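Here is the structure we will look at, set down as structure tokens.
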Amino acid sequence: MNFREVPFGNGQEVYIEPEWLEKDYRDYMPDHDKYIVEQLLEYLCRCGYIITSDSATVSDNAFFFNPCLDKHINASREDFVGKKEAMITECLSNENVKAPFTIPFKEDHFFNITSEDLPIIIKNEYEQGGTDKYIIRTSEQLETFKRFYNEINAYDKKRRESVLRKRLGLGEEATWDETGHSKETPWCIFIMDYKRNLHENFVIQKFIQTPTKYNTSLRVITSSSGDILCSSLKYADKSIEKNKTFCGPYDQYLKDPSSPYYLGSESIISNTVSGGNSLLLGRNDYSKLEQEILRAHGINPNNANVPQAVASAAIKIAITGRRPIGAISGMDFIFDEETQEWKYLEQHEYPMLGTYAEAYGLPYTSIEDPNYFTIHFAVDIDARLHSLALAMQKKQAMNNEEGQSLRHN
């Protein structure tokens, strides 16, 4: 792989996630990905960088190539995410971009919601690409979701038992306990606590109406150096999701028309992975439809840049969160048609990078391609090296300015 050129490191500390430095872990990687990591480590060392993976001793002046989970401090992934979200909330407190009204998915919160509170969004904060995201518009949909909440653990266990009995040719006498084990067969079933996961991973959020007839969102890829690498406005049709494979544990019940818990709600997804379209900002020309969509979001198609309020918020989060987020950040924003303001939606330490690849002319492919993850991994490395290069250029420029100031004094 031909790596993006970076300035000489001169002993600059670079934090790399520990697993990348462990040969046993790399052996589980696809051969091509393992080769990229091994060559990357050699490349950074040749360029004068000191690589570390010890979160307990790494300096805050290090360049965080990957997110630093600080496992010596954070007892769990939930602790890490909670602190990161608190940091983002603090960053937004003095910005002109706020998050939509959001509450945790707690039983008392959820069952206090009435039809007067609709529409709302129920979403899994840990999922990307539109998985586990639902809009509840009607009282019927709300009642279906409440029924799902009350019944799903028992229903899912019963369905899994039925599938396994059929597969093994067993009768109704074969039963499984709450741990998934059976006295009649050594085969176990997977027990998932849907209700607990809803409480731990999901939030309830105010629905934001966007302009135009499409679902839209703004994806901003930002560097920890304080630069916006690229951005694109995503738009997709709002039609109900049909004729697809529902592989998510919640989607298989809530989005599948054959399920007793089918919601029948329209899609709220705008990303390209799920069939949406992407308008790369900064292009020289746009179609008539694209121009209309951009203008509806307050973006001049003749000078399509990231809105100032969004840029300020994205850069502040990327710089402040350079340790927990890492070298690059993918942030999503949504335009509120009612208030004519941009709202913050979510942030990803490992974002999908179709927008970045398009902006810099790098090869990319759809997620259906068997080579997708290898190609995406190469683009991800390029983006992180891009961030490193920008950070080092700024550091060198600052050192030069300080040197000139000392000479003049």
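Considering only DSSP states other than H, G, I, E and B, which trypsin sites (Lys or Arg not before Pro) in segment 139-229 qualify as loop sites with at most 11 other Cβ atoms within 10 Å?
LYS183, LYS213
Sort GLU358, GLU368 from largest to smallest accessible area, using a 1.4 Å probe on the heavy atoms of the protein chains.
Sorted by accessible area, descending: GLU368, GLU358.
Per residue, what accessible area does the chain have, given a 1.4 Å probe and all protein chains present, in Å²?
In whole numbers, the chain has 51 Å² accessible per residue.
I'd like the carbon and sulfur percentage of the solvent accessible area for segment 322-368, probe radius 1.4 Å, heavy atoms only, ligands and nucleic acids excluded.
Carbon-and-sulfur percentage of accessible area, whole number: 52.
Just checking my list (1) 1.03; (2) 1.00; (3) 0.94 against Rg/Rh (Cα atoms, Kirkwood Rh) computed from this structure; which label fits?
Correct label is (2).
At a Förster distance of 45 Å, what's the computed FRET efficiency of ASP336 paired with VAL163, Cβ-Cβ distance as r, to 0.05?
0.55
Report the full-extension gain for the segment ALA56 to ALA309: residue separation times 0.36 nm, less the Cα-Cα distance, to one decimal in nm.
Working it through step by step, the gained length comes to 87.6 nm.
Nearest 500 deg cm²/dmol is fine: what mean residue ellipticity at 222 nm does the chain get from its DSSP H runs of n ≥ 4 alone, each adding -39,500 (n - 2.57), divided by its residue count?
-12000 deg cm²/dmol
From a point 7 Å beyond the Cα of GLU78 in the direction of its Cβ, which residues of segment 97-139 have a backbone N at a distance under 16 Å?
104-108, 124-127
Let me check I have the definition right: for segment 307-380, take the eigenvalues of the Cα gyration tensor, multiply each by 5, take square roots. What are those semi-axes in whole Å, largest first?
Here the semi-axes work out to 26, 16, 11 Å.
Which entries of LYS84/LYS133; LYS316/LYS394; LYS123/LYS158 have Cα-Cα distances beyond 18 Å here?
Flagged as over cut-off: LYS84/LYS133; LYS123/LYS158.
Calculate, for GLU358 and GLU178, the FRET efficiency according to 1/(1 + (r/R0)^6) with r their C-beta to C-beta distance and R0 41 Å; round to the nearest 0.05.
0.25
Between GLU107 and LYS238, what's the calculated FRET efficiency when r is the beta-carbon distance and R0 is 22 Å? Round to 0.05.
It comes to 0.15.
What distance in nm lies between label points placed 7 Å from Cα along the C-beta direction at ARG295 and PHE190?
Distance between label points: 5.0 nm.
If DNA, RNA and ligands are ignored and the probe is 1.4 Å, what is the ranking of ASP285, ASP33, ASP177 by accessible area, most exposed first?
Greatest to least solvent exposure: ASP285, ASP177, ASP33.
Pop out the carbon and sulfur fraction of the accessible area of segment 1-144 as a percent, whole number, probe 1.4 Å.
48 percent
Using a cut-off of 13 Å between alpha-carbon atoms, which aspartates and glutamates can reach LYS34, once sequence neighbours fewer than 8 places away in the same chain are excluded?
Excluding near neighbours in sequence, the set is GLU19, GLU22, ASP24, GLU42.
The values are calculated or read from the model by the stated rules, or taken from the named source; none is laboratory data. Here the structure is a predicted model, which means the values were calculated and not measured. Note that each Cβ is placed from the backbone with ideal geometry, even for glycine, and that neighbours are counted across all protein chains shown. Only protein heavy atoms, including side chains, enter the accessible area calculation; ligands, DNA and RNA are left aside. Shrake-Rupley method; radii C 1.70, N 1.55, O 1.52, S 1.80 Å.
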